[in-house]
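Where a number appears in this text, it was derived from the coordinates with a stated rule and is not lab data. Since this is a predicted model, take the numbers as computed values, not measurements. Counting neighbours? That spans all protein chains shown, and the Cβs are built from the backbone with ideal geometry, glycine included.
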Amino acid sequence: MVEIIRQGAYLIDGQIIPAAQAQGQSDPDEAREKTIAYSILRAHNRSGEPGKLRIKFDALISHDITFVGIIQTAKASGLKEFPVPYAMTNCHNSLCAVGGTINEDDHAFGLSAAKKYGGIYVPANQAVIHQYARERLAGCGKMILGSDSHTRYGAYGCMGVGEGGGELVKQLLENTYDVAAPEVVLVYLDGKPRKGVGPQDVAIALVAATFPKGDVKNKVLEFVGPGVKELSCDYRIGIDVMTTETSCLTSIWETDETIRKYYENVGRPEDFRELKPQNGAYYDRVVRIDLSKVECMIALPFHPSIAYTVHELQADPERIFAEVEEACNKQLGGKVTMDLRRNIVDGKVTCDQGVIVGCSGGMYENIVEAAHILEGGSIGNGYFDMSVYPSSTPVSLAITRNGAAAKLMEAGCVIKPAFCGPCFGAGDTPANNTLSIRHATRNFANREGSKPGNGQISAVALMDARSIAATARNGGVLTAATDIDYESPDAGELEYRYDGSVYAKRCYEGFGKADPSVELRYGPNIKDWPHMPRLEDDLLVRLCAVIHDPVTTTDELIPSGETSSYRSNPIGLSEFALSRRVPEYVGRSKAVRALEEAREAGEAPAEAAEILARTGGDLRHTTIGSCVFANKPGDGSAREQAASCQKVLGGFANICYEYATKRYRSNCINWGIVPFTMDAGTAFSCEEGDWIYIPGVKKAIADGVEDITAKVIRKDGSLYDLPLKCAGLTADERLILQEGCLMNYYAAGYGKG
């Protein structure tokens, strides 16, 4: 299905030519400029250095568990008016069942901010964040920055980048998104998908092939090839949105008449232009996908890369489930036991729930095809249930008018409004120890509502809407859509007839209409950021969490689900930091924060003074903070709160072997958390409670010194040196770390565009 060629290649006359065999071609750096990716990146670049990009975006987008914090940060940093279109959607905190009024207070704040600063406001249940961007903001050759990791619009010829809120703040203050010039990976599509194979099947196969070894990490994926023309617009974006799970930086596709018709359909024909690589474009590696060989797939807990074909799982469920259980239960740390094998009944895998939802599942074509598969059938009156969430009101209107919604409801499915909740554990939470199959973006631990600390666990497997519908038709018995006989929708039914009239009636379009007289509307749960200490000459940190898992996700650093209601309350949210992974972390960090507060007040906290006396440090010039060690932290969501909660609790450093994503590392920097790394061969034998002293760290950061020697003071009194690295910081990032966080950086007068 998927082949990875781990060497450079040129695309010449539509053929992939390995670099070693290409004669008379430009050198790689020059030929890389011929890619679609670089034609767009260079057009948005403000840097004069070829190897470093300083990007200005065309538009910004956030949802209601990020935009409040972003605006609060930007306001504290001097925001006067939104300089580019900034859309605030309300698709994450749409449920108001938790916390009383607090979710709706966030929505009122968002509308007032749109009026005050000149923004776009999308009310609750009108659209999920990325569908609104697709229908209203994307354009060929444009770039959009979003505070959600699945900001991917490459199929529409638009480069989308998902980052933490700090990066949006920089854009709001007329600054740039700074990144090293990335490598580009050619994703060459050939063949045509078989009936019953959907975009999620292709996406899961791609993630499984590329994520485990980091083949495309922080690179740009560029989709071209004869297979592209065989895919509809919805099919392309269904693959594209899942490229986030490969850990790539962003994505872009060649565009054609299919994309032209899309822009005509949504009423923006001027936003189309043909994009294709120039002859002789160079790619740093190649991923080939034969679409005709892709099978119906299933991704088992706890990652989209834990992938099998449905037929593989059907053939050997005992072995596969046992292997997955072992890995999952190790990750859960003994707090609860996952039992997937309970879902094997008479040798067949049974499922308890089906959900088609969000920016990956809730697309028009997915829903229409699922309706055809279920037409005349029934999901039954047993334990299996099924919900369908269209991705926008225009999609809901379209499936209502063409009868697809009726077919689904007649089969027993529940049609719900546009909402992202099931993707992060807020909505359609399954029963304990059950298996939910979802056409959604992620299946990390806790994203289906599990609370391992309370003994609650359920499992999410990712599948395509077609196979979910086939499974539902079969009473919950796992079924590949290729194994059933159903009548495919005809071309007319598959044509999405966009009607944006509801957007026009309900959304506030305020770009260019800022009104400074408007007062922001606050609720009791919307709080300002607390004081953030600056970095002194030296740094003394205490290890408050040591995690040796291969990868640590942002969901573990700050859980999703019910915590979303506290995203506008930095102090309240921080109480949940690492709560499902290291419950003791919050208390430990608060104790360290109290030492720094005492030091700032002119006191000499005895514990810190005693440690520094052993190292020759000076308490007057030493910041005291907490620290987290993890092997590879930050996989998954772009949520800045994974870092800001550490900072609110007094965090000043992270130590790891590598950061799972650029966006988490950027979040750490923007919140003044020094992003230390270690060489792969360096032993880390420190334990929770040990102290680490880094003398001269401020000057080292200021001077761009990348190798720094720290001194570990262990609980048993022994000392040893620990070699750390602080590599690849930009000049602005060095200043942000010295000032203690992005807000302090702006308050000090830096960086205002």
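Dividing the mean sequence gap of close Cα pairs (under 8 Å, 6+ apart) by how many residues region 297-497 holds gives a relative contact order of 28 percent. A simple spin-label model places pseudo-atoms 7 Å from Cα toward Cβ; at N454 and A504 they are separated by 4.6 nm. Sorting the segments 9-22, 648-661 by their residues' average number of neighbouring beta-carbon atoms within 10 angstrom, most packed first, yields 648-661, 9-22.
For M409, M338, M678, what ranking results if the residue with the fewest other Cβ atoms within 10 Å of its Cβ goes first?
M409, M678, M338
For region 52-67, 3J(HN,Hα) computed residue by residue from phi via the Karplus equation (6.51, -1.76, 1.60; θ = phi - 60°) reads 10, 9, 10, 9, 10, 8, 7, 7, 10, 8, 9, 10, 7, 10, 10, 5 Hz, glycine and proline entered as x. Note on A609/E323: beta-carbon distance plugged into 1/(1 + (r/R0)^6) with R0 of 60 Å gives a FRET efficiency of 0.70. In this structure the amide hydrogen of I16, modeled in the peptide plane, comes within under 5 Å of no amide hydrogen from residues 5 or more places off or on another chain. A full extension of the chain between R42 and E274 corresponds to an added length of 81.8 nm, given 0.36 nm per residue minus the alpha carbon distance. What FRET efficiency comes out for V414 versus R6 if R0 is 51 angstrom and r is the Cβ-Cβ distance? Round to the nearest 0.05. Between V414 and R6 the formula returns 0.65.
The H on the amide N of A545, modeled in the peptide plane, is under 5 Å from the matching H of C627, F629, each at least 5 residues off or on a different chain. Local charge for I4 was computed over the other residues whose Cβ lies under 10 Å away, with Lys and Arg +1 and Asp and Glu -1, and equals +2.
Between H621 and I17, the modelled labels are 6.1 nm apart [label points 7 Å from Cα along Cα→Cβ].
On the basis of the beta-carbon distance and an R0 of 35 Å, T101 and N381 show a calculated FRET efficiency of 0.40. Could you name the aspartates and glutamates in cross-link range of K229, using Cα to Cα under 12 Å and dropping any fewer than eight places away on the same chain? Of all the aspartates and glutamates, those that pass the test against K229 - Cα under 12 Å, at least 8 places apart if same chain - are D190, E254, D256, E257. Local charge for P28 was computed over the other residues whose Cβ lies under 11 Å away, with Lys and Arg +1 and Asp and Glu -1, and equals -4.
Could you work out the relative contact order of the chain? I mean the mean sequence separation of Cα pairs under 8 Å and 6+ apart, divided by the number of residues, in percent.
Averaging sequence separation for qualifying contacts and normalising by length gives 15 percent for the chain.
Pairs of alpha-carbon atoms within less than 8 angstrom and 6+ residues apart define the contacts here; what relative contact order does region 538-747 have, in percent? For region 538-747, the relative contact order is 24 percent. Computed extension gain for A731 through D483, at 0.36 nm per residue and net of the alpha carbon distance, reaches 83.6 nm.
Between A601 and E257, the simple spin-label model (points 7 angstrom out along Cα→Cβ) gives 7.4 nm.
Its Cα centre serving as origin, region 500-594 has a Cβ charge dipole (Lys and Arg +1, Asp and Glu -1) of approximately 300 debye. Residue by residue, region 571-576 carries 3J(HN,Hα) couplings of 6, x, 5, 4, 5, 9 Hz when phi is fed to the Karplus relation 6.51 cos²θ - 1.76 cosθ + 1.60 (θ = phi - 60°); x denotes Gly or Pro.
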